[in-house]
Amino acid sequence: MTTVKDSEEKQTRVVTTQHPLCNSYDYGNTMICACRPGMEGNPYLLQPCQDMDECKGSNECGVGDVCLGAFAGVWLLLIGAWLVHKIVKIKKTIARKKFFKRNGGLLLEQQLSSSEVNVDKIKLFNSKELEKATNNFSIDRILGQGGQGTVYKGMLADGRIVAVKKSKMVDTSMLSDFINEIVILSQIKHRNVVQFMGCCLETEVPLLVYEFISNGTLSQYIQGQIKEFPLTWEMRLQIATEVAGALSYLHGAASVPIYHRDIKSANILLDRKYRAKIADFGTSRSISIDQTHLTTCVHGTFGYLDPEYFQSGQFTEKSDVYSFGVVLVELLTGRKPISAVTWSQEKEYRSLATYFITSMEEDRLFNIVDARVLKEGSETEIQVVANLARRCLNLNGRNRPTMREVTSELEAVQMSRNPSISAQQNSDGVDFAEDDSVGHWDVESLSEVSASY
């Protein structure tokens, strides 16, 4: 309840606050007045000072000012993003140059500039196109993994299907050999050797690009992993002859002799026409014309290793012959190169090569030959091929035939079955005809194959 006294006091406070503060000075009867704090106006008028709105006036900001501030903020944000992108791009460029140099790119350029090398045969892919081709090296694009690296399936911008091999780290002390092998691979031109298409050296590890072979490996067919299309005796002879011809080419007809050093059924691919193609040159070495052997650390796959090479460390062309002999026995018998045998509850591992030679010595050859081979091949043909395989597996490398001799004997067996087969067609596969498996296909429609390149 408001009393008269309260009302008078309130009115007094309002009047008092509206009145200015004044000070009088002795000289000239002068009085100087000013509005109280929180008040504004002319202190010399009848209604001098009014209450001031502190939120109004000097702090007002127009729409234009707001837009200008927002634009400046966005502009600064864009500039910052552009700078970050530029810095990342520069870092990637520096990294690519660093990797290119570390992976032997400068050495490769030097060799490409020499008059001895056909520059058109080597394509240097950039990292972006191979990342795009393999969907950033997606796990579902992996074709196979081995000691030399991982192989991915990819599709280039022009629609060609390729196999991209992501190599393991390159030993800097072996850079010269690595680049030399790239140059040599690019010069191999044989229809029964997987075509090397190019490389990329600007990534952390080198990337090698090959033609894609769609029909799996020979070992998958021999061991019954692909049962839809079993190999006939005719096909086995054809595959053996093609592989022998390709090895003969590598050993003698190529511009520089090459030892493969890891011939095995898993490194022999079959295209859509079931043509054989030798793959995986990761351990291959070239030699000068006057060289007869290589002295290296032992590389290869147990079951296929030349015993002479295993003991001496000296690899010769006859070491490839031994490995081919094992493949020939696989084609004859349909057995694995190394198999587990249980004796008195103890597991032992038996070499197919040793088992085959023992069986031949004991006149039990036809007991171990594959049933389909027995059904479709004549005894004479089987005996000729078996004797050839036995000579390839001779423990003394000097007593083994050359791959040229092996090719000739296999061609003779083929011609005895079908006189219309031209020997020239089998042995002279130097002119590479692009395989129809390297076509414009949909990546997703291709069946997965575990292949070595």
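The values are calculated or read from the model by the stated rules, or taken from the named source; none is laboratory data. All values reported here derive from a predicted model rather than from experimental measurement. When we count neighbours, we look across all protein chains shown, and the Cβ atoms used for this are built from the backbone with ideal geometry, even at glycine.
Looking only at residues that are modelled with pLDDT under 95 and assigned to a helix (DSSP H, G or I) in region 381-402, which one is surrounded by the fewest Cβ atoms within 10 Å (Cβ to Cβ)? Among those that are modelled with pLDDT under 95 and assigned to a helix (DSSP H, G or I), it is ARG398.
Among residues belonging to region 357-376 that are among the hydrophobic types (A, V, I, L, M, F, W, C) and surrounded by 10 or more Cβ atoms within 10 Å (Cβ to Cβ), point out the one that is nearest to PHE229 (Cα to Cα).
Pass one, region 357-376, residues among the hydrophobic types (A, V, I, L, M, F, W, C): 357, 360, 365-366, 368-369, 371, 373-374.
Narrowing the set further to residues that are surrounded by 10 or more Cβ atoms within 10 Å (Cβ to Cβ) leaves 357, 360, 365-366, 368-369, 373-374.
Working: ILE357: 29, MET360: 29, LEU365: 26, PHE366: 24, ILE368: 22, VAL369: 19, VAL373: 15, LEU374: 18 Å.
The qualifying residue nearest to PHE229 (Cα to Cα) is VAL373.
Only one entry in THR203, THR172 is under 30 Å from LYS91 (Cβ atoms), at pLDDT below 85 and polar (S, T, N, Q), namely THR172.
Applying the condition of being under 19 Å from CYS200 (Cα atoms) and of a type in the set (Ser, Thr, Tyr) to region 71-128 and asking which residue is modelled with the highest pLDDT yields SER127. For region 396-405, check the following and say yes or no: at least one residue is touching a Gly at 6+ places or on another chain (Cβ under 7 Å), more than 23 Å from ALA266 (Cβ to Cβ), in contact (Cβ under 8 Å) with a residue 60 or more places away in the chain and in the same structural domain as ASP320 (by TED's automatic domain parsing). Looking for residues that are touching a Gly at 6+ places or on another chain (Cβ under 7 Å), more than 23 Å from ALA266 (Cβ to Cβ), in contact (Cβ under 8 Å) with a residue 60 or more places away in the chain and in the same structural domain as ASP320 (by TED's automatic domain parsing), one finds at least one in region 396-405, hence yes. Within region 288-314, residues that are more than 25 Å from ASN180 (Cα to Cα) and in a loop (DSSP other than H, G, I, E, B) reach partners that are β-branched (Val, Ile, Thr) and modelled with pLDDT of 65 or more with beta carbons closer than 6 Å, at six or more positions or on different chains, in the pairs GLY303/ILE338; TYR304/VAL326. Of all residues in region 207-234, those being over 22 Å from ILE161 (Cα atoms) and of a type in the set (Asp, Glu) number 2.
Within region 309-317, none of the residues are at pLDDT 95 or above, surrounded by 23 or more Cβ atoms within 10 Å (Cβ to Cβ) and not acidic (Asp, Glu). Being modelled with pLDDT under 70 and over 56 Å from the mean Cα position of the chain (by Cα) holds for only one residue in VAL66, VAL15, and it is VAL15.
Based on this model, can you work out whether ALA412 counts as assigned by TED's automatic domain parsing to the domain that holds PHE310, hydrophobic (A, V, I, L, M, F, W, C), modelled with pLDDT under 75 and surrounded by fewer than 20 Cβ atoms within 10 Å (Cβ to Cβ)? Break it down into steps so the answer makes sense when it comes.
Values: assigned by TED's automatic domain parsing to the domain that holds PHE310: yes; hydrophobic (A, V, I, L, M, F, W, C): yes; modelled with pLDDT under 75: no; surrounded by fewer than 20 Cβ atoms within 10 Å (Cβ to Cβ): yes.
Judged against the criteria, ALA412 is not a match.
Report yes if some residue within region 445-452 is modelled with pLDDT under 90 and outside any loop (DSSP other than H, G, I, E, B); otherwise report no. Yes: region 445-452 contains one or more residues that are modelled with pLDDT under 90 and outside any loop (DSSP other than H, G, I, E, B).
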